[in-house]
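Read through the structure below, which is laid out as structure tokens, and then see the notes.
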Amino acid sequence: MRIPIRSGNIRKPNDMMRLIVTAFVGTVFGFFLGVSFPTLSLTKMNLPSTLFPSVDLTYIEDKYSGISTKALLDVWSSFKSNRGISTRLYKFDGTKIWVPSNPQGAERLPPGIIESESDFYLRRLWGQPSQDLTIKPKYLVTFTVGYDQRNNIDVAVKKFSENFTVLLFHYDGRSSEWEEFEWSKRAIHVSVRKQTKWWFAKRFLHPDIVAPYDYIFIWDEDLGVEHFDPEEYIRLIGKHGLEISQPGLEPNSRLTWEMTKRRGDSEIHKITGEKPGWCSDPHLPPCAAFVEIMAPVFSRNAWRCVWHMIQNDLVHGWGLDFALRKCIEPAHEKIGVVDSQWVVHQSVPSLGNQGQAEGGRAPWEGVRERCKKEWTMFQDRMANAERAYFQSMGVDPSQFNGSIIK
């Protein structure tokens, strides 16, 4: 028997092709239509959990929302710029903030809230913050002190006007006793027993803390300031372009270097003569580009470099004075001694007495021995660091004939 076949039961080939093409086009259109609109948050729809008994909606949303969010940001970027919303600095993850140009560690904060620097300005506990300061000091002066030198410090501090923030580093733990001086109530006091000036400086004078100050004075406690005017001193170092400086020292038997000796016939000097064989180059320490560590004054920019050079464990600072030139270029022109504003180094061995008597020796003997050791250690570290750097750059350090590693 023949089985009747109806022609309507079999689709023609061209009909089948049209069906396939239509389905494909519809699928592609639906995909692009879906990614062009915000993802519908299933977790925010109050749907009964019974509709999805074994499906974690949060997981579905987290796993697949990234695709549509990225597409949405790409499509809407032009609209956002027209509405004043800039996305160039931001890498969005939903509503999270990520700003690569922020300081390291603060990338999650909006730039408008970033305070990358600080200061020592004292603030009130009441009133409007904008009314706290009647004047913002432009300079910072620090003294590392013991209570026994209070009268000398009293005289010195009174030389500095309200343009200076005064910061005292106390190495003997007797900070509260300084309240007998009226100015002490406005000063900043940091007290840590048996520590040195450079230990304090490394920990409390970070460049981002002292950034508001044009100049930073880091002074010892045994300086006579009868012939010193801070405001005139600042005028002179600005006039002569000194980034690192010190006042001249009154000539006496305690002077070590010719460079820091006061000259009576000039405002400043930047170069000197020394004992035969002491200066291999007239532009290098101790004949030029040199000040001592007892009373240095740093510009803001110079201090940023010097702070990074101070070693955490080498607390006496011996050797720093020979390396300060590495932070200024040209050093022999921007480091100098101010002759017309001078001080007297009284050489009071108070910090040496904070040492410990060992092996029958006086406390100061152990302190002095460590000072000398630190000088050698610092020189070795600097030389090794420079040598390693130049070798890493494929440069033979010996070609400089010692003019760099020194």
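Taken together, the values in this text are just the output of simple stated rules run on the coordinates, not laboratory data. Treat the numbers as computed from the prediction; the structure is a model and nothing was measured. In this analysis, Cβ positions are derived from the backbone assuming ideal geometry, glycine residues included, and neighbour counts consider all displayed protein chains.
Given a Förster distance of 35 angstrom, what is the FRET efficiency for LYS239 paired with GLN311, based on the Cβ-Cβ distance and rounded to 0.05?
Given R0 = 35 Å and the Cβ-Cβ separation, E is 0.55.
By how many nm would the segment from MET377 to ASN151 grow when fully extended, if each residue of separation counts as 0.36 nm and the alpha-carbon distance is taken off?
Additional length available on full extension: 77.8 nm.
Using Cβ counts within 10 Å as a stand-in for footprinting exposure, how do TRP199, TRP364 rank, fewest first?
Going from sparsest to densest Cβ surroundings: TRP364, TRP199.
Could you give the length gained by full extension between SER280 and ARG304, i.e. 0.36 nm per residue of separation minus their alpha carbon distance, to one decimal place?
Details: separation 24, 0.36 × 24 = 8.64 nm, distance 2.84 nm.
Using 0.36 nm per residue and subtracting the Cα-Cα distance, I get 5.8 nm.
Mark the label point 7 Å from the Cα of LYS136 along Cα→Cβ and return the residues of segment 283-327 whose backbone N is within less than 17 Å of it.
Correct set: 300-301.
Efficiency by 1/(1 + (r/R0)^6): what FRET value for ARG361 and TRP126, r their Cβ-Cβ distance, R0 = 51 Å, to the nearest 0.05?
Numbers: r = 54 Å, r/R0 = 1.06.
Computed FRET efficiency for ARG361 and TRP126 comes out at 0.40.
Quick check: residue separation of ASP229 and ILE97 times 0.36 nm, minus the Cα distance between them. What number comes out in nm?
42.5 nm
Got a sec? Charge dipole of segment 139-288, +1 on Cβ for Lys and Arg, -1 for Asp and Glu; which of LEU167, TYR147, VAL192 is way out at the positive end?
Farthest along the dipole direction, towards plus: VAL192.
What's the FRET efficiency of GLU329 with ILE20 using the Cβ-Cβ distance as r and R₀ = 60 Å, to the nearest 0.05?
Calculated value: 0.20.
What's the magnitude of the charge dipole for segment 314-379 around its Cα centre, counting Lys and Arg as +1 and Asp and Glu as -1 at the beta-carbon? Answer in Debye, nearest 20.
160 debye
If each of GLN399 and SER266 carries a label point 7 Å out from its Cα toward its Cβ, how far apart are those two points in nm?
3.5 nm
Rank the residues ILE114, ILE218, ILE234 as a footprinting-exposure proxy: fewest other Cβ atoms within 10 Å of their Cβ go first.
Lowest count first: ILE114, ILE234, ILE218.
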